[in-house]
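Trainee: Right, I'll just put the structure down here and ask away after.
The values are calculated or read from the model by the stated rules, or taken from the named source; none is laboratory data. Small disclaimer: the values here were computed from a predicted structure and weren't measured. No Cβ is skipped: glycine too gets one built from the backbone with ideal geometry, and neighbour counts run over all protein chains shown. Side chains are part of the model used for accessible areas, which takes the heavy atoms of the whole protein and leaves out ligands, DNA and RNA. Shrake-Rupley method; radii C 1.70, N 1.55, O 1.52, S 1.80 Å.
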Amino acid sequence: MMTIPKTMKGIQLIGHGGPEMLEYREDIVVPTPSDDDVLIRVSAAGVNNTDVNTRIAWYSKGDADGDDASWSGDTLSFPRIQGADVCGTIVAVGKNVDENRIGQRVIIEPCLSRAKSENLRSPWYYGSECDGGFAEYTVVDTQHAYAVKSELTDIELASFPCSYSTAENMLTRANVCSKDTVLITGASGGVGSAAIQLAKARGAQVIAITSPKKAQQLLDLGADRIVFRGENLVEALGENSVNVVVDLVAGPQWPQLLQVLKPGSRYAVSGAIAGAMVELDVRTLYLKDLSFFGCTVLEKPVFQNLVNYIEQGQIQPIVAKSFSLNEINAAQSFFLEKGHAGKIVLRVKNKT
């Protein structure tokens, strides 16, 4: 039986600000699982936009101190261990959890409905409202730790939870099917590249927006057509040409996304990396009978669907680069350069 240490290595976010707000420590107390929790020895943890956005208080809607800068809008407490993309092994369980779970390799559902043996009034995001996976050990309610049987490495599995569940949730909310043509913005990122694979798994036609140097990689993933970033979408695709927009970018080009949607079509959004404030002509919304879906909280079947896709080999991981845990600043710097396709993953355990 594994001996669990009292302290661990990890990265603590100590306040809002720049990279200096991330502290690598080797004396963090190992968390104790509550009655319905599992304790996980983390092997690998993916890097996401939300890690950076939380650090810089991007989610704050105007509070001078960023006190509302968590996903839920509640005050973010420090220090906080971030990291929503986690792959690891269960090493201990709370008293209400079956001990047979010990030894299972798992990935964590990042959108939490239970924590500390209680149902949450509003969902928490792993690594925001509670500590996440940028450390050697982490705890989560047993229902959010999904066993995965796969030959993929821990690093590869850690590339799935956040981006792929976000993409699958957007496709689920928009009810994407084989009759649809789906336009995906930010298609070379973690969520975008996941959305390509997951939309193709549903039989849809996929148009991906990306840069010329990343085009071939997205075609290899299954995209049927590429539109280069910055092109006028109406000129490239024509008005009323797609059924679904999966948007991770927003920004100044946003009105064109509505122009290319057919009447009665669907728009799903889960990101705004090009700018959160957009210009909406409400007449376009109601005259075209468009349906809008803001996507954060995961629909109930989403994460199990994702695990099924992984185990059946229907989707593949895309890992651009991995860094050791204490290289968090280098990892985020590389991430923010946006010169990669796929995921950046931190190696928490030496052999992953």
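Trainee: Under the condition of being of a type in the set (S, T, Y) and either over 19 Å from P263 (Cα atoms) or free of Cβ contacts under 8 Å to residues at least 40 places away in the same chain (or both), which residue from the stretch 174-209 is surrounded by the fewest Cβ atoms within 10 Å (Cβ to Cβ)?
Mentor: S178
Trainee: Could you grab me the full set of residues in the stretch 82-96 that are surrounded by 21 or more Cβ atoms within 10 Å (Cβ to Cβ) and more than 10 Å from L39 (Cβ to Cβ)?
Mentor: Q82, G83, A84, D85, V86, C87
Trainee: List the number of the failed condition for S128; all other conditions in (1) within 30 Å of T7 (Cα to Cα); (2) modelled with pLDDT under 95; (3) surrounded by fewer than 24 Cβ atoms within 10 Å (Cβ to Cβ) hold.
Mentor: Unmet condition: (3).
Trainee: How many residues are in contact (Cβ under 8 Å) with a residue 12 or more places away in the chain, under 18 Å from R101 (Cα atoms) and open to solvent by 40 Å² or more (accessible area, probe 1.4 Å) when one looks only at the stretch 1-39?
Mentor: Going through the stretch 1-39 one residue at a time, the tally reaches 4.
Trainee: Right, next: Suppose we filter G251, G238 for residues that are under 23 Å from L285 (Cα atoms), open to solvent by less than 40 Å² (accessible area, probe 1.4 Å) and more than 23 Å from the chain's Cα centre (by Cα); which single one remains?
Mentor: From the options G251, G238, the qualifying one is G238.
Trainee: Quick one: in the stretch 225-235, of everything that is open to solvent by 60 Å² or more (accessible area, probe 1.4 Å), within 23 Å of M170 (Cα to Cα) and of a type outside the set (F, W, Y), which residue is modelled with the lowest pLDDT?
Mentor: Filtering first and then ranking leaves R229.
Trainee: Out of the residues in the stretch 210-224 that are open to solvent by 10 Å² or more (accessible area, probe 1.4 Å) and either among the polar types (S, T, N, Q) or within 19 Å of the chain's Cα centre (by Cα) (or both), which is farthest from G271 (Cα to Cα)?
Mentor: Q216
Trainee: Are any residues in the stretch 321-352 outside any helix (DSSP H, G or I), at pLDDT 90 or above and open to solvent by 50 Å² or more (accessible area, probe 1.4 Å), and if so, which ones?
Mentor: Correct list: K321, R347.
Trainee: Restricting attention to the stretch 131-169, report how many residues are of a type in the set (V, I, T) and either in contact with a His (Cβ under 7 Å, 6 or more places away or on another chain) or over 23 Å from M2 (Cβ atoms) (or both).
Mentor: 1
Trainee: Please indicate, with yes or no, whether at least one residue in the stretch 271-291 is at pLDDT below 95 and basic (K, R).
Mentor: no
Trainee: Another question, then. Regarding the stretch 288-299, can at least one residue be identified that is within 18 Å of the chain's Cα centre (by Cα), open to solvent by less than 60 Å² (accessible area, probe 1.4 Å) and of a type in the set (V, I, T)?
Mentor: No, there is no match, as no residue in the stretch 288-299 is within 18 Å of the chain's Cα centre (by Cα), open to solvent by less than 60 Å² (accessible area, probe 1.4 Å) and of a type in the set (V, I, T).
Trainee: Of the residues that make up the stretch 73-80, is at least one modelled with pLDDT of 95 or more, basic (K, R) and under 27 Å from G275 (Cβ atoms)?
Mentor: Yes, the stretch 73-80 contains a residue that is modelled with pLDDT of 95 or more, basic (K, R) and under 27 Å from G275 (Cβ atoms).
Trainee: Considering each residue of the stretch 40-58, count those that are surrounded by fewer than 23 Cβ atoms within 10 Å (Cβ to Cβ) and either modelled with pLDDT of 95 or more or over 28 Å from S324 (Cβ atoms) (or both), and give that number.
Mentor: 1
Trainee: Now, a different point. Which residue pairs have Cβ atoms under 7 Å apart, sit 6 or more places apart or on different chains, and have a first residue in the stretch 109-134 that is closer than 21 Å to S43 by Cβ and a second that is of a type in the set (G, A, S) and in a strand (DSSP E or B)?
Mentor: C130/A115; G133/A45; F134/G10; F134/A45
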